[in-house]
1. Pick from 172, 195: which is at pLDDT 95 or above, surrounded by fewer than 18 Cβ atoms within 10 Å (Cβ to Cβ) and not hydroxyl-bearing (Ser, Thr, Tyr)?
2. Among the helices (runs of 4 or more DSSP H) confined wholly to the range 213-308, which include 3 or more residues that are more than 21 Å from the chain's Cα centre (by Cα) and at pLDDT 95 or above?
3. Could you give me the residue pairs with C-beta distances under 6 Å whose first residue belongs to the range 1-22 and is surrounded by 12 or more Cβ atoms within 10 Å (Cβ to Cβ), whose second residue is of a type in the set (Lys, Arg) and at pLDDT 95 or above wherever it lies, and which are 6+ apart or on separate chains?
4. Go through 68, 106, 46, 37 for me and flag whichever is touching a Ser or Thr at 6+ places or on another chain (Cβ under 8 Å) and in contact (Cβ under 8 Å) with a residue 12 or more places away in the chain.
5. With 343, 327 as the choices, which residue is within 24 Å of residue 64 (Cα to Cα), out of contact with any Pro (no Cβ under 6 Å at 6 or more places or on another chain), at pLDDT below 95 and not charged (D, E, K, R)?
6. Might you let me know whether the range 314-321 holds any residue that is over 30 Å from residue 191 (Cβ atoms) and in contact with a helix residue (DSSP H, G or I) (Cβ under 9 Å, 6 or more places away or on another chain)?
7. Considering each of 331, 229, 271 in turn, give the residue that is aliphatic (A, V, I, L, M), out of contact with any Asp or Glu (no Cβ under 6 Å at 6 or more places or on another chain) and not assigned by TED's automatic domain parsing to the domain that holds residue 100.
Amino acid sequence: MTEKQWITEDFEAGDLTLSGGETLRSARLHYHQIGELNAPKDNLILLPTYYGGAAAGNHPWVGAGSPLDPDEYCIVIPSLLGAGESSSPSNTFGEQAGHRFPRVSLFDNVMLQKRLVDEVFGGASLALVMGWSMGGMQALQWGCLFPDQVRSVLATCCTARCYPHNQIFLEGVKAALTCDHDFRDGDYKRPPARGLRAFARVYASWAYSQAFFRHERWRELGFDSIEQLLVFWEQDHLAQDANNLLAVLTTWQEGNLANNPAFNGDYRVALSALTMPTRLMPCSTDLYFTAEDATADAGHMPGAGAQVLQSDWGHIAGGAGRDAASHREILAAAKQLLGHQDH
């Protein structure tokens, strides 16, 4: 592989009509790109981002030793609306700033990404759409909406909708954040630090598994104690904007690949639209995107198979470069999906 550099760009989309009926003014989609689109326009790979993550968080999936080789593929990472890089509560001004930012769905994100692919990349064929967590939910949304454009899908540690227990988990972290007096219903003058710390501590217990803590796997991350891990989570969340976290949390809670004009809420029909080779890779110890739910979803997708990651790392196992063994297994699955294609 020759040395290539990531470039960052913004796709200015103008006023964007959202599925809920609101309009996002001067919508902007931030993305990272490495590699170049070929002449047939059939070597594009899309890696949508996950909750709380920036585009750079997907970089470890790309590069030396990976089937996602920028010498062969044009790889694009579009950032979620609301997460701080694309249009978000924290970088929007005027009447849609802060907690007044409009509600955005997974469908809205994917439809904006579709415009990026069509207008910037000439309507390219997607060799693979791949993502972790909310990134995986977007990958599945891509597959069911555009089966003629997407040639394969890989979704790690996610399901095709946010199931009820997952929604309740999110209510818990939301309550931890919004109970801070400084939050002021989203009109905070200074970051609600106590709420952000509480959010982080509650979230950490869900992101990993019981086995992760029982077997002291946190030592593999360089921590000498669980408290050090929790402080790391606190510092990470103190660097994020509270309204951003809540905006994307709502997108997640309401995530359902059938809740859009294409499927009008018919979940089984939406699942059945995923006819291309598709791999769902849940983790055996994920506490909220459970292997049981993901496997059931895959069973209704004609092109799909479920491959369970056997890992103590819980939900974190599906992330790029997080758990070494899972990372290798995920890239091996990507290689298989890409290997059957000619471009």
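The values are calculated or read from the model by the stated rules, or taken from the named source; none is laboratory data. Just so you know, these numbers come straight off a predicted model, no measurement behind them. Neighbour counts run over all protein chains shown; Cβ positions are idealised from the backbone, glycine included.
1. 172
2. Per the criteria, 226-238, 267-272.
3. These pairs meet every condition: 10/28; 20/103.
4. Selected residue: 106, the only one of 68, 106, 46, 37 that is touching a Ser or Thr at 6+ places or on another chain (Cβ under 8 Å) and in contact (Cβ under 8 Å) with a residue 12 or more places away in the chain.
5. Details: 327 fails: at pLDDT below 95.
Going through 343, 327 in turn, the sole match is 343.
6. Among the residues of the range 314-321, at least one is over 30 Å from residue 191 (Cβ atoms) and in contact with a helix residue (DSSP H, G or I) (Cβ under 9 Å, 6 or more places away or on another chain), which makes the answer yes.
7. Within the list 331, 229, 271, the selection yields 229.
Residues are listed down the side, and each one gets a yes or a no for (1) aliphatic (A, V, I, L, M); (2) within 21 Å of residue 255 (Cα to Cα); (3) not assigned by TED's automatic domain parsing to the domain that holds residue 134:
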position: 289; (1), (2), (3): no, yes, no
position: 292; (1), (2), (3): no, yes, no
position: 306; (1), (2), (3): yes, yes, no
position: 315; (1), (2), (3): no, yes, no
position: 319; (1), (2), (3): no, yes, no
position: 322; (1), (2), (3): no, no, no
